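Take a look at the structure set out below.
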Amino acid sequence: MKNKIGIISLVLWVLTVGLFAIFFVKGTTTVSSDQRRAILLSPSEKDLVLGEMRTMLTAVNGVLGALSENDMKKAALAASSAGMAMAVDTSPILMAKLPLDFKELGMGTHKAFDDISAAIGKGATLPEILKSMHQITNRCVACHQVNRLSSAELSFDKRQNQFALNVEKNYEWKNYQK
């Protein structure tokens, strides 16, 4: 009897870990109207990720502006503003919803900003810094070509007496034209 309970417990544990692993790798996604991968997040999670992306874009702008003024100290500071330190407070629930390759690309980009800041501090040349900045913007382009963020909320449908996932509509531009 104890052996059966042990085997059942082990099987349930393996299934739970397996499902979590699949969820961790795949995230919560669907295909959007433009055939990119739509990552389904709550509105506040979507706002958080978009805010992080804006911070990265602001850092790119800051580095390039500082380089145009030949101000390496300011460029290093701008780069470090989008480094790993800004990613520390990310919610574990949000991280679980993001696909693995999205997480790897994002964390790699934060690290690349830290690397640029360190390289500037060690006297990197302008062409070296620009090459690194180009690699960062390549990451941004690659991510935006494949992914889009969509809001999704779980609500209770009283008519059907069940929970439903409400995903924002991805309207085409023609829907706004009159």
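Test Asp34 against the stated conditions and say whether it is touching a residue at least 12 places away in the same chain (Cβ under 8 Å), among the acidic types (Asp, Glu) and more than 16 Å from Cys140 (Cβ to Cβ). Criteria met by Asp34. Does Leu130 satisfy the criteria of being surrounded by fewer than 19 Cβ atoms within 10 Å (Cβ to Cβ), of a type outside the set (Val, Ile, Thr), part of a helix (DSSP H, G or I) and touching a residue at least 40 places away in the same chain (Cβ under 8 Å)? Criteria met by Leu130. Report yes if some residue within the range 111-123 is under 28 Å from Asp34 (Cβ atoms), free of Cβ contacts under 8 Å to residues at least 24 places away in the same chain, in a helix (DSSP H, G or I) and not β-branched (Val, Ile, Thr); otherwise report no. No, the conditions are met nowhere in the range 111-123. For the range 57-83, a tally of residues being surrounded by fewer than 14 Cβ atoms within 10 Å (Cβ to Cβ) and assigned to a helix (DSSP H, G or I) returns 6. Of all the listed residues (Leu94, Leu149, Leu105), the sole one being touching a residue at least 40 places away in the same chain (Cβ under 8 Å) and in a helix (DSSP H, G or I) is Leu94. Whether a residue is within 26 Å of Phe113 (Cα to Cα) and either modelled with pLDDT under 95 or in contact with a helix residue (DSSP H, G or I) (Cβ under 8 Å, 6 or more places away or on another chain) (or both) was assessed, and Leu41 passes this test.
The values are calculated or read from the model by the stated rules, or taken from the named source; none is laboratory data. Keep in mind that this is a model prediction, so the values were computed, not measured. Here the Cβ is made from the backbone with ideal geometry for all residues, glycine too, and neighbour counts use every protein chain on show.
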